[in-house]
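Here is the structure we will look at.
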Amino acid sequence: MIVRTMALAGGLAGAVACSQFPEYSQQYMQRLGGAVDALGEVVADFDASAATAGLSRAEALEEMKGTAFLARRGADMGRTFTRFERLSADLAVLQGNGPFMRAYYGSRLTDREIARAAWSAYQPAVAVNFAGLVFAGVGFVLGTLGVGLLFRLLVWPFRRIAST
């Protein structure tokens with residue numbers, strides 16, 4: 001009886017947690033789009049400055065040497081270009097997709113800075129649309145199975161001792 005009650009509680013916790021994914025992923029997408037736009041402006045500005053000087057992006061980065069500040073700034077810009085390319089690729093894959101495909105492409109929702117900002121602004125809500133209910137159902141099943149499996153693993157050594 002206790003195991004079933006705990007499994008039910010685990011299922012309910014899983015349902016509540018998973019039902020939040022559609023809205024959280026939407027918040028993440030909005031912040032991802034904003035980050036790509038902001039980084040795009042920085043990249044375009046750098047590329048325009050490089051072009052004005054008759055340099056490619058790589059040549060301009062190579063020119064940023066000679067002092068500790070310039071070297072550090074060049075490294076910063078290199079990281080900015082890399083992040084811009086990664087986030088742009090993530091946005092291209094995720095854009096226009098609903099919550100089920102965003103879950104499928106969950107590995108594209110992993111930028112720590114964006115995730116932290118989305119989580120800090122996120123307000124949990126009861127999702128009563130189709131996607132929220134499906135995610136809640138999946139979470140219920142996973143939570144129930146997870147707690148049930150955990151209890152079976154905890155009890156397993158004692159069953160072997162009792163049967164001998």
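The values are calculated or read from the model by the stated rules, or taken from the named source; none is laboratory data. Every value quoted in this text rests on a predicted model; they were computed, and no experiment measured them. Note: ideal-geometry Cβ built from the backbone for every residue, glycine included; neighbour counts use all protein chains shown. For accessibility, only protein heavy atoms count, side chains too; no ligands or nucleic acids. Shrake-Rupley method; radii C 1.70, N 1.55, O 1.52, S 1.80 Å.
Determine if the stretch 4-12 includes at least one residue that is open to solvent by 70 Å² or more (accessible area, probe 1.4 Å), assigned to a helix (DSSP H, G or I), of a type in the set (D, E, K, R) and at pLDDT below 85.
Step one: list which residues in the stretch 4-12 are open to solvent by 70 Å² or more (accessible area, probe 1.4 Å), which gives 4-6, 8, 12.
Within this subset, residues satisfying the condition of being assigned to a helix (DSSP H, G or I) are 4-6, 8, 12.
Checking which are of a type in the set (D, E, K, R) leaves us with 4.
Then drop every residue that is not at pLDDT below 85, which leaves 4.
Among the residues of the stretch 4-12, at least one is open to solvent by 70 Å² or more (accessible area, probe 1.4 Å), assigned to a helix (DSSP H, G or I), of a type in the set (D, E, K, R) and at pLDDT below 85, which makes the answer yes.
Pairs meeting the criteria (first residue in the stretch 13-28 and within 14 Å of Tyr105 (Cβ to Cβ) and open to solvent by less than 40 Å² (accessible area, probe 1.4 Å), second residue assigned to a helix (DSSP H, G or I) and of a type in the set (Val, Ile, Thr), beta carbons under 8 Å, at least 6 apart or on different chains) are Tyr28/Ile114. Counting only helices (runs of 4 or more DSSP H) wholly contained in the stretch 93-164, the ones carrying 3 or more residues that are touching a Pro at 6+ places or on another chain (Cβ under 7 Å) occupy 130-163. Pairs are defined by a Cβ separation below 9 Å, a sequence spacing of at least 6 or placement on different chains, a first member in the stretch 31-59 that is touching a residue at least 24 places away in the same chain (Cβ under 8 Å) and over 13 Å from Ser88 (Cβ atoms), and a second member that is outside any helix (DSSP H, G or I) and open to solvent by less than 70 Å² (accessible area, probe 1.4 Å); the pairs so defined are Arg31/Asp111. Picking from residues in the stretch 36-88 that are in a helix (DSSP H, G or I) and of a type in the set (Lys, Arg), the one that is least open to solvent (accessible area, probe 1.4 Å) is Arg83. Among residues of the stretch 89-113 being among the polar types (S, T, N, Q) and over 21 Å from Val138 (Cα atoms), the one that is most open to solvent (accessible area, probe 1.4 Å) is Gln95.
Suppose we keep only residues that are in contact (Cβ under 8 Å) with a residue 12 or more places away in the chain and over 17 Å from Gly106 (Cβ atoms) within the stretch 120-131. Which one would you say is least open to solvent (accessible area, probe 1.4 Å)? So the residue we want is Ala127. Phe151 satisfies every condition listed in (1) out of contact with any helix residue (DSSP H, G or I) (no Cβ under 6 Å at 6 or more places or on another chain); (2) hydrophobic (A, V, I, L, M, F, W, C); (3) farther than 25 Å from Leu91 by Cβ; (4) modelled with pLDDT under 85 except (1). Somewhere in the stretch 71-88, is a residue out of contact with any Asp or Glu (no Cβ under 6 Å at 6 or more places or on another chain), among the small types (Gly, Ala, Ser) and closer than 22 Å to Ser107 by Cα? For the stretch 71-88, residues out of contact with any Asp or Glu (no Cβ under 6 Å at 6 or more places or on another chain), among the small types (Gly, Ala, Ser) and closer than 22 Å to Ser107 by Cα: present. Every listed requirement among (1) over 23 Å from the mean Cα position of the chain (by Cα); (2) open to solvent by 40 Å² or more (accessible area, probe 1.4 Å) is met by Val147 save one, (2).
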